[in-house]
Structure formats: C-alpha cells, structure tokens
Amino acid sequence: MTLEHDILGANILIVDDQEANVRLLSRLLAEAGYTRVASTMDPTEVCALHRRDPYDLILLDLQMPTMDGFGVMEGLKTNSRESYLPVIVLTAQPGHKLRALQAGAKDFISKPFDLVEVKTRIHNMLEVRLLYRKLEAYNKELEQAVEDRTAELRESEARYRSLTELASDWYWEQDESGEFTKVSGPVLEMLGIRVGPLVADPAPVPDDGWDPAERQALQGNIAARRPFLDFALHRTRSDGSRQEFRVSGQPMFDQSCGFVGYRGIGVEVMAGQ
C-alpha cells in the first residue's frame, strides 16, 4: 500500500459543537477521499473515544460549552498509551493560536474555513504523522532484530564453547598482551605448570620440560598473529615420562580490526614413559 492510501484511510475525529461545521468538514473530507471520518458535538466524549479507538487526527474546535478545546487537550495528555497529541485546532480567535500550540496542538485552521487551507493542512499533518509512525515501527523492528541476533550469537558462542570442551581437553583465550583470560578444562592439572608458559611467555622457564624449538615456533605464530591447527608440543617431566599435545588457535579482532588476543583448544594426544 502507498502512503497516500494510508493517508486517506487515516482515522479522523471532528469535534465541534456547531452541527453546520461538522457537516461541512465531514463532506469536505469525504469528497477528498477520506474513508474513516467520525464526529462528535460533545467534547466530554473525546478522551474516551480516543482511548477506545485511537485517532490519527483530531480536528478540535476551541470554543465549546461545557469543556473548551484546551480542556480536551489536557484530558488527552493523560492517555498513557501515547504522549503525542494528534490535534489540529479550529478557531476564529487569532490570539488563541499560539496558546493552542503551546498546549500541544500540532497545527491550526482558521474560521471561517478556507477549504483549500483545510485540505492542505489536514493532508500535510497526516503525512508527517504516518511517516513518523512508520519510522517508529521500523526502529522497533530493528531493535528487536538486533536483540534477536545478539541472542543467537550468544547461543552460538555457548554452543561453540560446549562443543570445543567436548572435543578437547581444554579451551583457552588470551588478551592482546598474552595473558590468559579464560581457561576451561583441567589444563593446570594436566600440564602441571602455571598457564602462562604454554603459549604466552616467550622467556624460557628452567626445568619446565618443554621443547625449546617447539615453544619458539609457537611463539612465532602468535607474534605474527597467524592461526595454527594441531600444533605439536611435547614436554618431558622430571620423572622422565613424556607428554604430547596438539594445540589449535586463532587470533581475535574487534570491529575496528584491532587485535584483541587469541582463542583455541588443546588436547593431550599421548602420555608415556
């Protein structure tokens, strides 16, 4: 559907205590193609009518007995569903125009009516109003899409970590300085060392049993921020037994392509005397 179709199908209420004015405006709107036009000559009904069937536009006379247009606008402000007042005031008093705008009216139409002015102001206000609603609806859809996508990514991340834990002995993450930020699995117990020397600490650690050439090659991958798959590491423990491992890792980058660290998995593939 086009915007013009939406404009002509907008929900409009005419509020005026003069029957002649109600008939004139109703006929004018019908001839212009508007299909949903209601009216009331009782201003005390307006708030209840608007709550029951929210209007896209209210044409509101200011000078009425029992309750004037200013009182009607104050009542409309109590509508908790929407703070926006879709009101064009109808007035023969030039001095009331500024006060009406300050009270929340969006535009005014002078009496006696200039029919071209009436049609133009009504059409323009409905156009702005409906475009604003479309934008508001689009923003809500976009926010919901972002929330849904964020939830999907979190679920995917949780699933990924769960799978890596099942497929490996440990999962690890490092920050850009090489410090471990997350370790999942019995890495400390398995390796019998503090976490840092495995992949983060370039300095040799006396009697740790790790092969220096392998350590240096792994450090070269990390320094170059290259991914590595099933990188072989081994260590000889103080009792002469040998441990062998396979470590896989990939660099992580933020949205600005800045390096933020590594993450990966490791498995012990053989242990022997």
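The values are calculated or read from the model by the stated rules, or taken from the named source; none is laboratory data. Here the structure is a predicted model, which means the values were calculated and not measured. Cβ sites come from the backbone with ideal geometry, for glycine too, and all protein chains shown count toward neighbours.
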Practice problem: Give segment 41-67 a look and list any residue that's surrounded by 17 or more Cβ atoms within 10 Å (Cβ to Cβ) and of a type outside the set (A, V, I, L, M), or say none. | Solution: 43, 47, 50, 55, 56, 61
Quiz item: Of all the residues that make up segment 119-157, how many are among the aliphatic types (A, V, I, L, M) and without any contact (Cβ under 8 Å) to a residue 40 or more places away in the chain?
Solution: 8
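Scan segment 11-40 residue by residue and report those that are over 25 Å from residue 64 (Cα atoms) and crowded, with 17+ Cβ neighbours inside 10 Å.
34
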Quiz item: Out of segment 205-258, which residues are in a helix (DSSP H, G or I), surrounded by 14 or more Cβ atoms within 10 Å (Cβ to Cβ) and not β-branched (Val, Ile, Thr)?
Solution: 214, 215, 217, 218, 219, 221
Practice problem: Among what's in segment 55-111 and is among the aliphatic types (A, V, I, L, M) and more than 19 Å from residue 21 (Cβ to Cβ), pick the residue that is farthest from the chain's Cα centre (by Cα). | Solution: 98
Quiz item: So which pairs qualify, if the first residue must be in segment 244-267 and at pLDDT below 90 and of a type in the set (Ser, Thr, Tyr), the second must be part of a strand (DSSP E or B) and buried (at least 16 other Cβ atoms within 10 Å of the Cβ), the Cβ gap must be under 6 Å, and the two must be at least 6 apart or on different chains?
Solution: 248/264; 248/265; 262/174; 262/249; 262/251
